[in-house]
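One structure is given below, encoded as structure tokens.
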Amino acid sequence: MRVCILGSGLTALTLAKALVNQNIFVDLVSSNKNHKINHSRTIGISKSNFNYFNRNITNIEKISWKLKKIEIYTDKNKNEKILNFENSNEQLFSIIKNFQLYEVLNKNLFKNKYFKKIKSQKKLIKQEKYNLIVNTEYNNFFTKKYFSKKIEKSYNSYAYTTVINHEKISNQIAVQVFTKIGPLAFLPLSKNKTSIVYSIYNSKDIDRKKIIHLINQNNIKYKIKKVEKIENFELKSFNLRSYYHNNILAFGDLLHRIHPLAGQGFNMTIRDVNLFINIIKNKIDLGLPIDISVNYEFEKNLKHKNYIFSNSVDLIQEFFNFERKFNNNILSKSVKILGKNRFINKLFTKVADKGINF
């Protein structure tokens, strides 16, 4: 069996590693000659996905920083939490730098006999050469021809990312502050480093001094020594209308993109990888062919779940955006009351960890 993966990002490398672990030949093809990994970007991985990654893809213990609690505030009352999620015994979430995960996956794949990296797409890929072609790229022939139809939404916002260096503290608590101009996340990376993701409404280009001022204004516990390079990207959400065309399957962020406020983007991709690998393993065990039926089962089992989950995250964003627009904290107070209910708090934590499973 041979699979072709189009792309060179974290999704492509993660799926490639999961496949070669099953002794499946993988050709990784990218049209992006100068793939760059943003050093200020981080990803949060939930406990169940972290355990799956370690068992089935590669061990990432050494590059992760475990969080035991997530606290949510509004800028109107920074001394009083409106929501609180915690796990005193184990990690609730783990934070990893994008470029470190990229390096680990790249290194693990480099010497694997089942893996081959092709640097360009000068020659048109022959579909009949592969059992499956998995596309993770936004701009290539297959995306433009087969995967352009989507349900899309623009948030009229830009996310600003950086890393702050600060004095040492225990630093195992992630903090999300819903401010008047958008949600701000403090995501610990170590005892003296914390990642920042600030999603700001109606802001294409805000200068460095202004961003630093806004971070300091909403900082509730760090004594900052240095702010590293600040980068930004536009925020959009979308869900692809069709997941596959014949033996070509769209995957990862090409299928679904969501607002970063809940830290669920890459978690959705890991769940997609899990399902995809399980479908293939089941077919191999039953002696069935690896063909278009894999893509059919993947879409049938996942499309509705991804759509519901994406819209749930969007609902959270709209919820606090509504409060921001009308300058009213009644909604936050309601959430605080709900958050104190053990059943509801446990349900929120479970969904954030495992997604929607039914």
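The values are calculated or read from the model by the stated rules, or taken from the named source; none is laboratory data. Computed from a prediction, not measured in an experiment: that's the story for all the values here. Please note: Cβ atoms are built from the backbone with ideal geometry, for glycine as well, and neighbour counts cover all protein chains shown. Each accessible area value is taken on the protein alone, full model and side chains, heavy atoms only, with ligands, DNA and RNA left out. Shrake-Rupley method; radii C 1.70, N 1.55, O 1.52, S 1.80 Å.
Which of the numbered conditions does residue 169 fail, given that it passes all the others? Conditions: (1) surrounded by 18 or more Cβ atoms within 10 Å (Cβ to Cβ); (2) at pLDDT 90 or above.
For residue 169, the failing item is (1).
Would you check if residue 283 is open to solvent by 10 Å² or more (accessible area, probe 1.4 Å), free of Cβ contacts under 8 Å to residues at least 60 places away in the same chain and farther than 20 Å from residue 127 by Cα?
The answer is yes for residue 283.
Would you say residue 5 is in a strand (DSSP E or B) and either charged (D, E, K, R) or more than 16 Å from the chain's Cα centre (by Cα) (or both)?
Spelling it out, residue 5 is indeed in a strand (DSSP E or B) and either charged (D, E, K, R) or more than 16 Å from the chain's Cα centre (by Cα) (or both).
Say we look at region 146-157 and pick out the residues that are touching a Leu at 6+ places or on another chain (Cβ under 6 Å) and of a type outside the set (Phe, Trp, Tyr); which of these is surrounded by the most Cβ atoms within 10 Å (Cβ to Cβ)?
157
How many residues, within region 194-217, are open to solvent by 60 Å² or more (accessible area, probe 1.4 Å) and not polar (S, T, N, Q)?
Going through region 194-217 one residue at a time, the tally reaches 7.
Can you pull out the residues in region 71-96 that are among the aliphatic types (A, V, I, L, M), part of a strand (DSSP E or B) and within 17 Å of the chain's Cα centre (by Cα)?
Selection gives 95, 96.
Pick out the one residue from 239, 267 that is under 30 Å from residue 183 (Cα atoms) and part of a helix (DSSP H, G or I).
Matching residue, one of 239, 267: 267.
On the basis of being in contact with a helix residue (DSSP H, G or I) (Cβ under 9 Å, 6 or more places away or on another chain), at pLDDT 90 or above and either surrounded by fewer than 19 Cβ atoms within 10 Å (Cβ to Cβ) or under 30 Å from residue 207 (Cα atoms) (or both), does residue 160 make the cut?
Criteria met by residue 160.
Can you go through 46, 30 and tell me which one is touching a helix residue (DSSP H, G or I) at 6+ places or on another chain (Cβ under 7 Å), among the polar types (S, T, N, Q) and open to solvent by less than 40 Å² (accessible area, probe 1.4 Å)?
It is 46.
Somewhere in region 250-264, is a residue modelled with pLDDT of 95 or more and in contact with a strand residue (DSSP E or B) (Cβ under 9 Å, 6 or more places away or on another chain)?
yes
Which pairs do you get when a residue that is at pLDDT 80 or above and among the acidic types (Asp, Glu), found in region 71-84, comes within reach of a residue that is assigned to a strand (DSSP E or B) and open to solvent by less than 60 Å² (accessible area, probe 1.4 Å), reach meaning Cβ atoms under 7 angstrom, with the pair 6+ apart or on two chains?
These pairs meet every condition: 71/84; 71/173; 71/175.
Can you tell me which condition residue 75 does not meet? The list is (1) under 29 Å from residue 306 (Cβ atoms); (2) in contact with a Ser or Thr (Cβ under 6 Å, 6 or more places away or on another chain); (3) open to solvent by 20 Å² or more (accessible area, probe 1.4 Å), and all the others hold.
(1)
Pick out, from region 130-193, the strands (runs of 3 or more DSSP E) lying fully within it that include 1 or more residues that are under 30 Å from residue 5 (Cβ atoms).
Qualifying strands (runs of 3 or more DSSP E): 132-135, 150-166, 182-188.
Taking the options 209, 236, 229, 191, name whichever one is of a type in the set (D, E, K, R) and in contact with a Phe, Trp or Tyr (Cβ under 7 Å, 6 or more places away or on another chain).
Matching residue, one of 209, 236, 229, 191: 236.
Would you be able to tell me the number of residues in region 253-276 that are of a type in the set (A, V, I, L, M, F, W, C) and either open to solvent by 10 Å² or more (accessible area, probe 1.4 Å) or under 23 Å from residue 70 (Cβ atoms) (or both)?
Number of matching residues: 7.
Give me the residue from region 121-145 that is open to solvent by less than 40 Å² (accessible area, probe 1.4 Å) and modelled with pLDDT under 90 and, out of that set, farthest from residue 284 (Cα to Cα).
Restricting to residues being open to solvent by less than 40 Å² (accessible area, probe 1.4 Å) and modelled with pLDDT under 90, the top hit is 140.
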